[in-house]
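Colleague: Below you'll find the structure I mean.
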């Protein structure tokens with residue numbers, strides 16, 4: 001089972017001709033209210049990819065909570081560990097331009113009340129994969145990761161938003177997933193700074209023993225585990241909205257790994273899912289099903305093994 005420990009939000013989405021510059025106001029014709037939050041998105045992506053999923057999170061006692069949880073419940077995600085707090089349900093304010101690029105501001109709300117004690121020790125075992133992000137309290141992540149490793153569970157962290165990570169926290173992970181900006185932040189703070197995202201990821205993997213996966217947008221993704229590296233391309237798509245592309249990648253990757261798929265093949269499935277998520281507006285409405293990913297899988301070549309990890 002995948003245990004997702006993370007944020008639950010509603011997204012307020014405005015489509016505009018261009019993204020605003022500092023001090024600039026831009027106008028959109030309207031806005032949509034859809035479910036989101038990195039924890040919720042990745043839980044739904046993993047469930048749609050065929051995994052058994054439980055979400056550990058927190059929402060408010062407000063109307064937005066109903067919107068935030070509806071798609072998850074429909075997909076069969078276990079919501080029994082979602083707490084109701086006095087704080088408002090988290091919200092993200094998203095602007096999307098004509099090219100599908102976005103700007104996002106998140107108000108954490110009830111996500112700041114997420115606690116690792118919401119997940120009992122009995123749920124953490126060798127058949128479990130714990131998936132976390134960085135939209136909740138970091139200290140709760142580290143406490144839960146430590147408990148998970150002590151009980152044999154595997155741990156994946158999507159370090160989004162970007163943040164420096166304690167070295168001990170890095171060493172408690174089986175997989176670290178980040179985009180190009182995020183990996184440079186993590187590697188620099190860990191004393192493995194490089195100008196190139198691939199080199200930074202390779203250096204971090206070699207120093208910590210953690211498998212590091214970096215998403216590269218339309219260039220696909222790369223992974224490094226020790227001295228071994230893999231590279232996967234991306235489906236050529238014309239993006240409508242890239243908001244949940246990273247979450248589709250991570251959730252699908254976790255679903256593939258928990259069912260025993262080797263990392264190169266898991267990367268291929270995740271890359272297809274990330275591309276397909278760019279074709280539909282909104283976060284959770286865009287997350288593809290397992291059938292949708294499999295229908296397009298043949299269009300993407302298998303992952304290529306890198307000749308040498310680029311840690312220099």
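Colleague: Right, residue 194: under 20 Å from residue 257 (Cα atoms) and either more than 20 Å from the chain's Cα centre (by Cα) or modelled with pLDDT under 90 (or both) or not?
Modeller: The answer is no for residue 194.
Colleague: Considering region 141-155 alone, what residues qualify as being out of contact with any helix residue (DSSP H, G or I) (no Cβ under 6 Å at 6 or more places or on another chain) and closer than 14 Å to residue 4 by Cα?
Modeller: Across region 141-155, the qualifying residues are 141, 145, 148, 153, 154.
Colleague: Now a separate question. Being surrounded by fewer than 12 Cβ atoms within 10 Å (Cβ to Cβ) and without any contact (Cβ under 8 Å) to a residue 60 or more places away in the chain is the filter here, so list the residues in region 1-31 that pass it.
Modeller: 21, 22, 23, 24, 25, 27, 29, 30
Colleague: Looking for whichever is out of contact with any helix residue (DSSP H, G or I) (no Cβ under 7 Å at 6 or more places or on another chain) and either surrounded by fewer than 20 Cβ atoms within 10 Å (Cβ to Cβ) or on the phi < 0 side of the Ramachandran plot (or both) here; the options are 115, 81, 85, 98. Which one fits?
Modeller: When all the criteria are applied, what remains is 98.
Colleague: Still on this structure, I have one more. Tell me the strands (runs of 3 or more DSSP E) entirely within region 9-122 that contain at least 3 residues that are modelled with pLDDT under 95.
Modeller: Those strands (runs of 3 or more DSSP E) span 9-15, 31-36, 90-96, 102-107.
Colleague: Could you please find all residues in region 171-183 being assigned to a helix (DSSP H, G or I) and surrounded by fewer than 21 Cβ atoms within 10 Å (Cβ to Cβ)?
Modeller: 171, 180, 181
Colleague: Quick one: would you say residue 34 is more than 17 Å from the chain's Cα centre (by Cα), surrounded by 15 or more Cβ atoms within 10 Å (Cβ to Cβ) and within 23 Å of residue 292 (Cβ to Cβ)?
Modeller: In short, yes.
Colleague: Another question, then. Looking for whichever is touching a residue at least 24 places away in the same chain (Cβ under 8 Å), closer than 25 Å to residue 271 by Cβ and buried (at least 24 other Cβ atoms within 10 Å of the Cβ) here; the options are 39, 50. Which one fits?
Modeller: Result of the check over 39, 50: 39.
The values are calculated or read from the model by the stated rules, or taken from the named source; none is laboratory data. This is a predicted model, so every value here is computed, not measured. Backbone-built Cβ (ideal geometry, glycine too); neighbour counts: all protein chains shown.
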